[in-house]
1. Where the second residue is part of a helix (DSSP H, G or I) and surrounded by 17 or more Cβ atoms within 10 Å (Cβ to Cβ) and the first is in the same structural domain as PHE150 (by the TED database) and of a type in the set (Ser, Thr, Tyr) and lies in the stretch 189-217, which pairs have Cβ atoms under 7 Å and are six or more apart or on separate chains?
2. For the stretch 1-12, which positions are at pLDDT below 95 and over 21 Å from VAL156 (Cβ atoms)?
3. Identify the single condition in (1) part of a helix (DSSP H, G or I); (2) at pLDDT 90 or above; (3) surrounded by fewer than 18 Cβ atoms within 10 Å (Cβ to Cβ) that ILE114 does not satisfy, given that it satisfies every other one.
4. Report yes if some residue within the stretch 210-219 is in a helix (DSSP H, G or I), open to solvent by 40 Å² or more (accessible area, probe 1.4 Å) and at pLDDT below 95; otherwise report no.
5. Within the stretch 159-177, which residues are open to solvent by less than 80 Å² (accessible area, probe 1.4 Å) and either of a type in the set (S, T, N, Q) or within 17 Å of GLY138 (Cβ to Cβ) (or both)?
6. Among the numbered criteria (1) part of a helix (DSSP H, G or I); (2) within 17 Å of LYS3 (Cα to Cα); (3) of a type in the set (D, E, K, R), which one does GLU207 miss?
7. Return the residues of the stretch 153-170 that are assigned to a helix (DSSP H, G or I) and modelled with pLDDT of 90 or more; say none if nothing qualifies.
Amino acid sequence: MSKETILIVDDEKEIRNLIAIYLKNEGYHVLEACDGEEGLQLLKKHQVHLIVLDLMMPKVDGTEMCMKVREIAEMPIIMLTAKSQDMDKIVGLTIGADDYVTKPFNPLELIARIKSQLRRYLKMNGMNSSNNEELEIGDLRINTATHEVFVNNEKVKLTPREFAILELLVRNPGIVMSAEQIYERVWKEEAFQSENTVMVHIRKIRERIETNPRNPQYIKTVWGVGYKVEKDL
């Protein structure tokens, strides 16, 4: 199962570092932003499962970011603030926050709240079920339900045909598939001079998912036979 990603948005670097240490010790992926503007940019590039969001920040503050996030996503948001008045809590929860933690805080309590919110969110979205729609090879992750691809937790855009080829290979790790086999499985028609067509699509996929397309980590070429994805990376 892939690790969940937590986005910490706080203008105090020491607070971000403290929370990040505890989260990484629990095995989570961590992203950090110093204000709401940077946090929103990270959301466009990464799949995030929960946000720890400071209320008082420069540029885009926590209130504004929370409202913008709620226009596009439903992941849990835990507001983090030095304020303790009941009205501030009510405002935070009203605009879409799921929980509220007041500074100074006990890091272990915050981690417990994060785990609680994640369990509820993942269960509601079916991400912890045995029918999980995610396939994972190394740092490559494919969500077959949403047709999303992530490499090192960064979203990669593929065309439907490219996605189908990649999914086919990842579902059959270690198995070498010829260009003809790939074409017939993906295009669902008889292969006729299909090698160049498949080769072009493989090249485009590599350009998107590989750090070095000339020396691919994920999609390997078995010369004279076809292509495969290694079982273990």
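The values are calculated or read from the model by the stated rules, or taken from the named source; none is laboratory data. What you are looking at is a predicted structure, and each value in this text was computed from that prediction instead of being measured. Don't worry about glycine lacking a Cβ; one is built from the backbone with ideal geometry, like all the others, and counts go over all protein chains shown. Heavy atoms of the whole protein, side chains included, go into the accessibility calculation; ligands, DNA and RNA do not. Shrake-Rupley method; radii C 1.70, N 1.55, O 1.52, S 1.80 Å.
1. SER194/ALA179; SER194/TYR183; THR197/TYR183
2. Within the stretch 1-12, ASP11, GLU12 qualify.
3. Result: ILE114 fails condition (3) only.
4. no
5. Those that are open to solvent by less than 80 Å² (accessible area, probe 1.4 Å) and either of a type in the set (S, T, N, Q) or within 17 Å of GLY138 (Cβ to Cβ) (or both): THR159, LEU166, GLU167, LEU169, VAL170, ASN172, PRO173, GLY174.
6. Exception for GLU207: condition (2).
7. The answer is GLU162, PHE163, ALA164, ILE165, LEU166, GLU167, LEU168, LEU169, VAL170.
Okay, residues lined up against (1) assigned by the TED database to the domain that holds ALA82; (2) aliphatic (A, V, I, L, M); (3) within 14 Å of the chain's Cα centre (by Cα); (4) farther than 17 Å from GLN117 by Cβ:
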position	(1), (2), (3), (4)
ASP11	yes, no, no, yes
TYR22	yes, no, no, no
HIS29	yes, no, yes, no
ASP35	yes, no, no, yes
GLY62	yes, no, no, no
